[in-house]
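Step one of this worksheet: look at the structure below.
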Amino acid sequence: MFEKILVPLDGSKVGEAALPVIERLITKCTEAEVEVTLLGVITLLRHWVVVGEASAPVSYTEDELTSIKERVMNYLEKTGDSLKSKGITVKHMVPSGNAAEEILKAAGEINADLIAMSTHGRSGLRRMAFGSITDKVLRGTKIPVLMVRAAEGTANV
């Protein structure tokens, strides 16, 4: 079965939809030791400063990036508690950059044999406007990708 599973998370309840599926998959279908790596990618490396009617992009300072990374790491640790309580080894990664590229890079770094991720289920113009990270990952890897669509009515946090 699968021994190293990468689960990218975006901080939303929709993004967490793959976690219960992975938990069931591991606890019911495998005898092997499984390692799950939860990945939180910091995608915005700058913010906008507005003064009067003018605005400009400003890069985060090192202190701000460190604080953001700590918040993402705390979220990943808390989110992984359910898996840990089942005896599953959970690791965490918090890279910065393009989400799809960082997911593919992390999968290679940990030698993942499965990428499990949620899909927001966007279609049409919304998909064109926002793109599909899941689609980019699916097309950019030879590793199996388990896509879990969040239940309808799941709200973002």
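Tell me which of these LEU83 doesn't satisfy, since it passes every other one: (1) more than 20 Å from ILE133 (Cβ to Cβ); (2) part of a helix (DSSP H, G or I); (3) without any contact (Cβ under 8 Å) to a residue 60 or more places away in the chain; (4) not charged (D, E, K, R).
Condition not satisfied by LEU83: (3).
Rundown of residues vs (1) modelled with pLDDT of 95 or more; (2) in contact with a Leu (Cβ under 7 Å, 6 or more places away or on another chain), yes/no style:
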| residue | (1), (2) |
| --- | --- |
| GLU102 | yes, no |
| GLU109 | yes, no |
| ALA112 | yes, yes |
| SER118 | no, no |
| MET128 | no, no |
| ASP135 | no, no |
| ARG139 | no, no |
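Give the stretch 4-15 a look and list any residue that's outside any strand (DSSP E or B) and modelled with pLDDT of 90 or more, or say none. Explain how you work it out, then say what you get.
Initially, the stretch 4-15 is screened for residues outside any strand (DSSP E or B), giving 10-15.
Result: no residue meets the conditions.
Given (1) within 14 Å of MET117 (Cα to Cα); (2) in a loop (DSSP other than H, G, I, E, B), where does LEU19 come up short, assuming only one miss?
(2)
Could you please give the count of residues in the stretch 43-69 that are loosely packed, with under 10 Cβ neighbours inside 10 Å and in a helix (DSSP H, G or I)?
Residues that pass the stated criteria total 2.
Checking THR89 against (1) without any contact (Cβ under 8 Å) to a residue 24 or more places away in the chain; (2) over 24 Å from ARG149 (Cα atoms); (3) surrounded by 12 or more Cβ atoms within 10 Å (Cβ to Cβ), which single condition isn't satisfied?
Exception for THR89: condition (1).
When you go through (1) in contact with a Gly (Cβ under 8 Å, 6 or more places away or on another chain); (2) within 24 Å of LYS28 (Cβ to Cβ) one by one for TYR75, which number turns out not to apply?
Of the numbered conditions (1) in contact with a Gly (Cβ under 8 Å, 6 or more places away or on another chain); (2) within 24 Å of LYS28 (Cβ to Cβ), the odd one out for TYR75 is (2).
Is it the case that some residue within the stretch 25-41 is at pLDDT 85 or above, farther than 21 Å from LYS142 by Cβ, surrounded by fewer than 18 Cβ atoms within 10 Å (Cβ to Cβ) and out of contact with any Pro (no Cβ under 9 Å at 6 or more places or on another chain)?
yes
The values are calculated or read from the model by the stated rules, or taken from the named source; none is laboratory data. Just so it is clear, the model here is predicted, and its values are computed rather than measured. FYI the Cβ positions are ideal-geometry reconstructions off the backbone, even for glycines, and counts take in every protein chain you see.
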